[in-house]
Amino acid sequence: MTIRILPAIGDPDTARAVAALLGQLPHAEPAPPAADSTALLDTLAGAVPPGASGPAAVEALPEVVLVHERIGPLPALDLIREVALRFPAVGVVLITTDAGPALFSAAMDAGARGIVKLPLGHDELAARVQAAAQWSAGVRAHLGAGQDAAPGPAGTLVTVTGAKGGVGTTVAAVQLALAARGAGRSVALVDLDLQSGDVASYLDVQFRRSVVDLAGIADISVRVLQDAVHDHPTGLGLLLAPDEGERGEEVDDRAARQILTALRSRYEVVIVDCGSQMQSANAAAVELAGTALLVTTPDVVSVRAAKRQVRLWDRLQIRKAEDTTTVVNRLTRHTEIQPPLVAKATGTHVARTTVPAAFKELQPCVDSGRMQDLDSRSTVRAALGALAGELGLIDAPEAVHGRTGHRARPSLTGRKRKALTAGPGTAAHRAPGAAPGPRDPAAPEG
């Protein structure tokens, strides 16, 4: 997608520096800078064809406007407010020497989508411009782009990510989607495990189109979306991962945001299987999600992997630990690691509903690739249905809602507790007589 950028910079030196950097941004189409606030507003108003209204008027405007703090005669914050009011589909970024919290708050209140600090850096400018452009694309999709625009309000977006491979991520995503569909919701199930996604295998689907077919499309209309989404006999809309895993690289964060925005405008619930490996596409999905689930099993290796995943999201500013919901899968009455310890180790909110270990119930459906045929008496299906109720995806009965699979154990051995809070090089993981190993950098100090 080409990003049209209109700078509003009165200072010649800053204007030259901005122009040089914008020329290096991929897919950027910068316009000549407006010298003052009057010129900027006139340029925006003049971009709209005479008599145009609605989508035609919106599409004629640039996606991003850069406003320098020294712009005049209208002060920068007043100018941002004016642009936000008159041209609400344009993302505004403020260029300033002061990136403190007070100015940041004031700029956001005025309607800015970001701040870039002087002196300008390529990476920071690129990140702010791309974020503003993505926001602008989302607004334009909601405002509508003609008769083919996807109608309706934005649906609920839930991502399901595994702490590591093999913890039951896809089973959880499929069953949550089936539960929501069984409650009468319109549901899309998206496989963003782009290199090794198995949603198609779990639901016995052979389909030639995938999420990659939407990656290069700038305007995803209802018709385009229908061509890419497979209508499953269960009523689910499936957007599958490509058969050729290497093609997953074609789906970047911008494409993922656009695809998910289009799906949310058509479906009440969108469930995304993100797998366990973070890429730009599923990272964008986790960032956008109203609910981000992290699936783990109650063992030391998986819980430590969940902790690493949460820390990765925090470092990349994708999602905070307290905004993440961890689901404990394969819990038994003999499990020593219980949900309260998982919550303490990861810093996340742990779902009240846990999923029991009952692979014998799942094996026939997994082997046949027909997860939709899982017996209604299955404890796994009941638990994931209860989880769907806890998340607000369905109206679950009181008898099921919030019930965990097994009674929590009050105690935990010192060896297991130490293993969760220490690195693999500590005594809890060393064989008798072995020399001390290197300290895990993820382990806490002290």
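If you check I71 against the conditions, is it touching a His at 6+ places or on another chain (Cβ under 7 Å), in contact (Cβ under 8 Å) with a residue 60 or more places away in the chain and open to solvent by less than 20 Å² (accessible area, probe 1.4 Å)?
It is false that I71 is touching a His at 6+ places or on another chain (Cβ under 7 Å), in contact (Cβ under 8 Å) with a residue 60 or more places away in the chain and open to solvent by less than 20 Å² (accessible area, probe 1.4 Å).
Could you please find all residues in the range 240-273 being farther than 17 Å from Q317 by Cβ and of a type in the set (A, V, I, L, M, F, W, C)?
L240, A241, V251, A255, I259, L260, A262, L263, V269, V270, I271, V272
If you go through the range 289-309 one residue at a time, how many are under 16 Å from the mean Cα position of the chain (by Cα) and surrounded by fewer than 22 Cβ atoms within 10 Å (Cβ to Cβ)?
2
How many residues does the range 335-353 hold that are assigned to a loop (DSSP other than H, G, I, E, B) and in contact with a Pro (Cβ under 6 Å, 6 or more places away or on another chain)?
Result for the range 335-353: 2.
Determine which member of the set V187, V205, V212, V222 is aliphatic (A, V, I, L, M) and under 21 Å from D252 (Cβ atoms).
None of the others qualify; the one that does is V212.
A quick yes/no check of all residues on (1) open to solvent by less than 20 Å² (accessible area, probe 1.4 Å); (2) closer than 22 Å to A382 by Cα:
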| position | (1), (2) |
| --- | --- |
| V158 | yes, yes |
| K164 | no, no |
| V190 | yes, no |
| L194 | yes, no |
| S210 | yes, no |
| H230 | no, no |
| P233 | no, yes |
| R247 | no, no |
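Would you mind listing the strands (runs of 3 or more DSSP E) fully within the range 200-310 where at least 3 residues are among the β-branched types (V, I, T)?
Passing ranges, in order: 269-275, 291-296.
Within the range 1-24, restricting attention to residues that are of a type in the set (A, V, I, L, M) and surrounded by fewer than 17 Cβ atoms within 10 Å (Cβ to Cβ), which residue is nearest to the chain's Cα centre (by Cα)?
By that ranking, first place goes to M1.
Which one is farthest from V18 (Cα to Cα) among residues in the range 67-89 that are touching a Ser or Thr at 6+ places or on another chain (Cβ under 7 Å) and not in a loop (DSSP other than H, G, I, E, B)?
L79
Out of curiosity, is L263 touching a His at 6+ places or on another chain (Cβ under 7 Å), on the phi < 0 side of the Ramachandran plot and modelled with pLDDT of 90 or more?
No; evaluated as a whole, the condition is false for this residue.
Give just the number: which of (1) closer than 18 Å to A127 by Cα; (2) part of a helix (DSSP H, G or I); (3) not hydroxyl-bearing (S, T, Y) does V92 not satisfy?
Of (1) closer than 18 Å to A127 by Cα; (2) part of a helix (DSSP H, G or I); (3) not hydroxyl-bearing (S, T, Y), only one is false for V92: (2).
Which one is farthest from E390 (Cα to Cα), of the residues in the range 352-375 that are in contact with a helix residue (DSSP H, G or I) (Cβ under 8 Å, 6 or more places away or on another chain) and among the aliphatic types (A, V, I, L, M)?
Here the answer is V366.
To keep it simple, each residue is scored yes or no on (1) out of contact with any helix residue (DSSP H, G or I) (no Cβ under 7 Å at 6 or more places or on another chain); (2) buried (at least 24 other Cβ atoms within 10 Å of the Cβ); (3) modelled with pLDDT of 95 or more.
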{"site": "A112", "(1), (2), (3)": "no, yes, no"}
{"site": "I115", "(1), (2), (3)": "no, no, no"}
{"site": "A127", "(1), (2), (3)": "yes, no, no"}
{"site": "R185", "(1), (2), (3)": "yes, no, no"}
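So, in the range 95-130, exactly how many residues are in contact with a strand residue (DSSP E or B) (Cβ under 6 Å, 6 or more places away or on another chain) and either of a type in the set (A, V, I, L, M) or part of a loop (DSSP other than H, G, I, E, B) (or both)?
Qualifying residue count, the range 95-130: 9.
Please state which of the following conditions A256 fails to meet, knowing it meets all the rest: (1) over 11 Å from the mean Cα position of the chain (by Cα); (2) at pLDDT below 95.
Looking at each condition in turn, A256 falls short on (1).
Out of all the residues in the range 159-191, which are outside any helix (DSSP H, G or I) and under 20 Å from T234 (Cβ atoms)?
Answer for the range 159-191, where residues must be outside any helix (DSSP H, G or I) and under 20 Å from T234 (Cβ atoms): V160, G168, A183, G184, R185, S186, V187, A188, L189, V190, D191.
Quick one: L225 ticks every box in (1) open to solvent by 20 Å² or more (accessible area, probe 1.4 Å); (2) touching a residue at least 60 places away in the same chain (Cβ under 8 Å) except a single one, so which number is it?
Exception for L225: condition (1).
Would you point out which residue out of T325, T379, T335 is open to solvent by 10 Å² or more (accessible area, probe 1.4 Å), β-branched (V, I, T), in contact (Cβ under 8 Å) with a residue 12 or more places away in the chain and over 22 Å from V174 (Cβ atoms)?
The match here is T335.
The values are calculated or read from the model by the stated rules, or taken from the named source; none is laboratory data. On a predicted model such as this, the values are computed, not experimentally measured, just so you know. Cβ coordinates were reconstructed from backbone atoms using ideal geometry, including for glycine residues, and neighbour counts include every protein chain displayed. Only protein heavy atoms, including side chains, enter the accessible area calculation; ligands, DNA and RNA are left aside. Shrake-Rupley method; radii C 1.70, N 1.55, O 1.52, S 1.80 Å.
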